[in-house]
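What follows is a single structure, written as structure tokens, with notes after it.
The values are calculated or read from the model by the stated rules, or taken from the named source; none is laboratory data. Just so it is clear, the model here is predicted, and its values are computed rather than measured. Heads up, the Cβs are rebuilt from the backbone with ideal geometry, glycines too, and the neighbour counts pull from every protein chain shown.
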């Protein structure tokens, strides 16, 4: 593993709540943020950092990803939790961040929506299913 490790949504929430410098970076696309929803950190006095890993609508890797993290003020020495839809893009984001100096980069397993159930609905796992705070549109 070339990043600090994988955590569940609940574990990420606990650190985000308890460590003032910890950050949550949502690496999904603008369309996902707008139409699917976002984690809500307002209750703990924080904002989610929004940096696309892949650009929308092209789907290409955001070549400015780490520059965007830096511009967003994500501290390189803080615990940083990367979140995508299901926990796949966020691994790539955590690896890239680690290569570029964010030494405490974590992947949030299951992502925001988790995997599919038998009906191909994303209602099995993830941030939303865990009952963590989130908002839509």
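A few points about this structure:
- Qualifying residue in the range 88-100 (condition: at pLDDT 95 or above and surrounded by fewer than 16 Cβ atoms within 10 Å (Cβ to Cβ)): yes
- Residue 131 surrounded by 14 or more Cβ atoms within 10 Å (Cβ to Cβ) and in a loop (DSSP other than H, G, I, E, B): no
- Considering the range 1-87, the qualifying helices (runs of 4 or more DSSP H), each wholly inside and each with 2 or more residues that are closer than 15 Å to residue 110 by Cβ, in contact with a strand residue (DSSP E or B) (Cβ under 7 Å, 6 or more places away or on another chain) and touching a residue at least 24 places away in the same chain (Cβ under 8 Å), run over 9-18.
- Residue count for the range 111-120, restricted to those that are surrounded by 12 or more Cβ atoms within 10 Å (Cβ to Cβ) and more than 16 Å from residue 25 (Cβ to Cβ): 4.
- Residues satisfying the stated conditions in the range 17-32, i.e. closer than 20 Å to residue 114 by Cα and crowded, with 18+ Cβ neighbours inside 10 Å: 24, 25, 26, 27, 28, 29, 32
- Test: residue in the range 57-73 that is within 14 Å of the chain's Cα centre (by Cα) and under 18 Å from residue 129 (Cα atoms): no
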